[in-house]
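A short write-up of the structure that comes next.
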Amino acid sequence: MIPKSSPRRPRNRLVLYVLLGVACVFVLVPVLWMIVTALKPETDLFSTPPRLWPTAPTLDAFRRVFTDYPFADYFRNSIIDVVASTGISLVFSSLSAYGVSRFKFRGRGSFLTFLLISQMFPSVMLVIPYFKIIQVLGLYNTYAALIVTYVSFTMPFCSWMMYGYFKSIPRELDEAATIDGASPLRTFLSVVLPLSLPGIVATAIYAFITGWNEYLFALILTSSEDMKTVPVGIGQMIGQYKIQWNDLMAASIYAVVPLMVLFVFLQRYLISSLTAGAVKS
Amino acid sequence: MARSSKVAAAQQRVGLGFVSPSVLVLLALVVYPLFYGFYISMFKTNLRNMWNFVGLKYFVQALSDSDFIHTIGVTLLFAVLVVAGNLLLGTALALLLNTNIRFRVVWRAILILPWLFPDVVVAILFKWIYDPLYGLLNFALTSVHLIDHPIVWFGDPNLAFSAVVLSCIWKGYPLVMILVLAGLQSIPQDRYEAARLDGAGLVNQFRYVTFPGLVPVLAVSVILDFVWWFKHFTIVWLMTAGGPIDATKVVSIDIYRIAFTNFDFGRAAALAVIVFFICLAFSIVYRRIVRDTEV
């Protein structure tokens, strides 16, 4: 974050802040409206014109999400699906990324190309075969269905991110360990992996966000309330006859907060690793 | 000689050892389902008891079906507008954030915020804001007397389309902004110094240093973002479900409906294969650009 250009005249600086301020207003107004709506009692919801601030702000909606809807189940399911798929994805992608970053072997180039191209596969293309395959395997409406699916989504890009990170770790460290008689796997586990913690963290957040946000496959591969995930649960609240916007916004806030917490603590790792793949530094 | 070939053989063995678990997983979870999708596309099937082989009938049908051509047109327009919006906004904000401002971290955190919103939440939040009776947008517009009567945003094809595009830009620009910011930071400082020594002002510095330095990042962003939004489903589905009168029926919604409402899985799979080839064409361009910039 080195400043590149500094407008000399104060008027230019003012324009800068005004532009940034306008952009932030467009970001923050919807966010604040979400919070205000969640704080409204039901009587305020359908008043015209809409009230900009609730008559009597209440946290009832935040409680109702868990008492009137099976959101505790949705959360448990989302966490199980996403944590498991993130973990599995990390194990496989860090192994393959290390292999690609350190060894020359036949098929290395094709593997890297495949990782890139798999970003292009439309999810609608996979959803139909998955629907059938998951049923044939007897995994329909189970945790395994979504875990498997999310691994297939996240593993290619996770491998790419980890590959970018491993490349930045000097090979001399590996060589020193090898000379000391360590096997390649041992070198990887005890020398390279501990040094790669920032990269692993960034990759894990990426996989987590991707899984946490996923809607289409969760919609199609689960059917009972005790298997649905948070996005599906929120999505079906809007199909109801009378939409309870305050409950819906409270549920949405619950869905966003985990990602914000992750992001606030770990943004430095994430941004640098995400961009490592796309930008040559 | 013998030693170096031994080393090469060891490299081969160990490298494959590290990669093979992932290769197996990718074969099982990505490659096999892709081929199975091709297979399904050649049958008239409900995926249960009816499997009538029809060959390439659905492909021929789709390419001469004016409805499908229209859907592809809508999807292209949708993707192009969202990507253009993301690119303009993302680049402009990245340039602003890259200047010598106070509280940069705070500005950046706020501007990245929409990226952390799940698609489902974005869709629902904007559906609420666009609500004709109780929505914030109509309220704001009537308060400043821009309109007299509330507008039913999702009742008119053009308005609905624009409303969806704007919501998607809200969600989509931060990723471009992050990529461009990283691109800006990878431009060496001394190029700016050289330009200043040559007497270049801010405009010329942008023209001859910043912009050329950003071209690779912008090219990659355009293509990744385009493919991403071309196949997008969730926000559009939850906001309009493709309506009104198919104005927002992007190809993912078309495929979803044909498969999971009409249970015409073979035809849906065929359309998905066509989308796959459109995305593949873009990915080849993408690959070429990445290779060219990796100097």
Amide N of the stretch A:31-51 lying under 20 Å from the label point, which is placed 7 angstrom from the Cα of residue A:257 along Cα→Cβ: A:31-42
Gaussian network model of chain A, springs between alpha carbon atoms under 10 Å - residue of A:22, A:257, A:36 with greatest fluctuation: A:22
Rounded Å value of the spacing that divides the Cα centres of the stretch A:31-47 and the stretch B:49-113: 31 Å
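Of all chymotrypsin sites (Phe, Trp or Tyr not before Pro) in the stretch A:1-104, which ones are in loop regions per DSSP and have a Cβ with at most 15 other Cβ atoms within 10 Å?
Details: sites: A:17, A:26, A:33, A:46, A:62, A:66, A:71, A:74, A:75, A:92, A:98, A:103; in loops: A:46, A:103.
The qualifying sites are A:46.
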Dimensions (Å) - the stretch B:137-258, Cα atoms, principal axes, largest first: 58, 43, 17
Prolate/oblate/rounded label for chain B (Cα gyration tensor, a/c 1.5): oblate
Prolate/oblate/rounded label for the protein assembly as shown (Cα gyration tensor, a/c 1.5): oblate
The stretch B:1-125 - Kirkwood radius from inverse mean 1/r over Cα pairs (Å): 21.3 Å
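Take the Cα radius of gyration of the stretch B:18-80 and divide it by 2.2 N^0.38 Å, with N its residue count; two decimals is plenty. All intermediate terms of the calculation are to be shown ahead of the outcome.
On the way: Rg = 16.7 Å, N = 63, 2.2 N^0.38 = 10.6 Å.
It is 1.57.
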Which listed pairs, of B:44/B:127; B:44/B:249; A:228/B:127; B:44/B:231; B:127/B:231; A:167/A:228, have C-alpha distances above 28 Å, in listed order: B:44/B:127; A:167/A:228
Reach of residue A:104 by Cα under 20 Å, taken over aspartates and glutamates that are not fewer than 8 positions away in the same chain: A:172, A:174, A:175, B:294
GNM result for chain B, Cα springs below 10 Å: residue of B:14, B:60, B:122 fluctuating most strongly: B:14
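Fewest Cβ neighbours within 10 Å first, please rank B:145, B:232 accordingly.
On the way: B:145 7, B:232 26.
If I rank by nearby Cβ atoms, fewest first, I get B:145, B:232.
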Net dipole in debye of the protein assembly as shown [+1 Lys, Arg Cβ; -1 Asp, Glu Cβ; about Cα centre; nearest 20]: 1640 debye
Estimated FRET transfer efficiency when R0 is 35 angstrom, pair residue A:14-residue B:204 (beta carbons, to 0.05): 0.90
Residue among A:201, A:241, A:257 farthest towards the positive dipole end of chain A, charges placed on Cβ: A:201
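How high is the FRET efficiency from residue A:56 to residue A:137, r the C-beta distance, R0 60 Å, rounded to 0.05?
Working: r = 52 Å, r/R0 = 0.87.
Between residue A:56 and residue A:137 the formula returns 0.70.
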Most positive-pole-ward Cα, A:23, A:126, A:37, against dipole of chain A from beta carbon charges: A:23
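Taking the Cα centre of the stretch B:99-249 as origin, sum charge times position over the Cβ atoms of Lys and Arg (+1) and Asp and Glu (-1), and report the length of that vector in debye to the nearest 20. Could the numbers behind the result be given before it?
Values: 10 positive and 9 negative charges, 78 e Å.
Dipole magnitude for the stretch B:99-249 comes out near 380 debye.
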Prolate/oblate/rounded call for the stretch A:43-171, Cα gyration tensor, a/c under 1.5 rounded: prolate
Rounded Å value of the spacing that divides the Cα centres of the stretch B:174-237 and the stretch A:230-256: 37 Å
Exposed-loop-free span, longest in chain B, where chymotrypsin sites (Phe, Trp or Tyr not before Pro) count as exposed if DSSP calls them loop and at most 16 other C-beta atoms lie within 10 Å: B:104-262
DSSP-loop trypsin sites (Lys or Arg not before Pro) across the stretch B:75-153, with at most 13 other Cβ within 10 angstrom: B:102
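Values quoted throughout were computed directly from the atomic coordinates according to the rules given, and no laboratory measurement underlies them. Remember, it's a predicted structure, so these values are computed and weren't measured experimentally. Don't worry about glycine lacking a Cβ; one is built from the backbone with ideal geometry, like all the others, and counts go over all protein chains shown.
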